[in-house]
Amino acid sequence: MKKHWLKTLLIVVCLYVAFVIFGMLSTGYYIDDNGYRQPIEVTFSYLEDREDYQKLKEQYDNICSLMVDITIVDIHLSNEEYTDLEAVTYYQDLLNERVDVMIPKITALEVGEEQAVIQESLQTLLSNDVAIYLQKMIEGLRSGNSASIESALTWRDKAFSSFEALRGDMANFARRVKMDYQSIENWSLNGAVLEKDGTAQLKQEN
């Protein structure tokens, strides 16, 4: 009888240990603001939010890449390293092959109501600010219309201002779902530009 009791107790202990180990392995962790590793409380709502984050982060990363490529063309044009015609070709490619392709992908995303605000920001940044900037630069460079280029530069400022606001929203979203928000906060446009094209540096005016 005693032997049977010990065997039952041993089975219970083994099951408990297995349960604890499984819980530890299946629990997600994140690094808090103080640098400590903390367990993530997983709920159905949390999993849905994290899935939305992954969808939006993919499109956000595409926009980061686009802003880098636009800046590279801007710098080489400003340095007179591109002719107006060459710049028009690059801007047209960015508009047709990147912006026009990304907008419907963002529009088609299915995310929760709370995340729809960020989705709208992604879409507005592209369809309004960035698209108008590229269109006006193309028009101005083709026709030599300085007024169109001046208007384009205003839209460029608006686009990059909207992008910075979007970056803050994405960092906050990443923080909320316990993802890597620091890489978003610490991202530098100038750093990303130089990493992709080390020659893209504005010349000092004499």
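When segment 147-196 is filtered for residues that are part of a loop (DSSP other than H, G, I, E, B) and modelled with pLDDT under 95, the ones remaining, listed by number, are Val177, Lys178, Met179, Asp180, Tyr181.
So is Leu56 closer than 22 Å to Lys196 by Cβ, surrounded by 13 or more Cβ atoms within 10 Å (Cβ to Cβ) and touching a residue at least 12 places away in the same chain (Cβ under 8 Å) or not? No, not satisfied. Residues in segment 167-192 that are of a type in the set (Phe, Trp, Tyr) and either surrounded by fewer than 17 Cβ atoms within 10 Å (Cβ to Cβ) or more than 13 Å from the chain's Cα centre (by Cα) (or both): Trp187 only. Here the condition is being over 24 Å from Gly191 (Cα atoms) and of a type in the set (S, T, N, Q); of Ser45, Ser65, it holds for Ser45 alone. Checking each residue in segment 136-166 for being among the basic types (Lys, Arg), crowded, with 18+ Cβ neighbours inside 10 Å and over 19 Å from Leu85 (Cα atoms) picks out only Arg156.
The values are calculated or read from the model by the stated rules, or taken from the named source; none is laboratory data. Note that the structure is a prediction, hence the values are computed from the model and not measured. Positions of Cβ are generated from backbone atoms using ideal geometry, with glycine treated the same way; all protein chains shown enter the neighbour counts.
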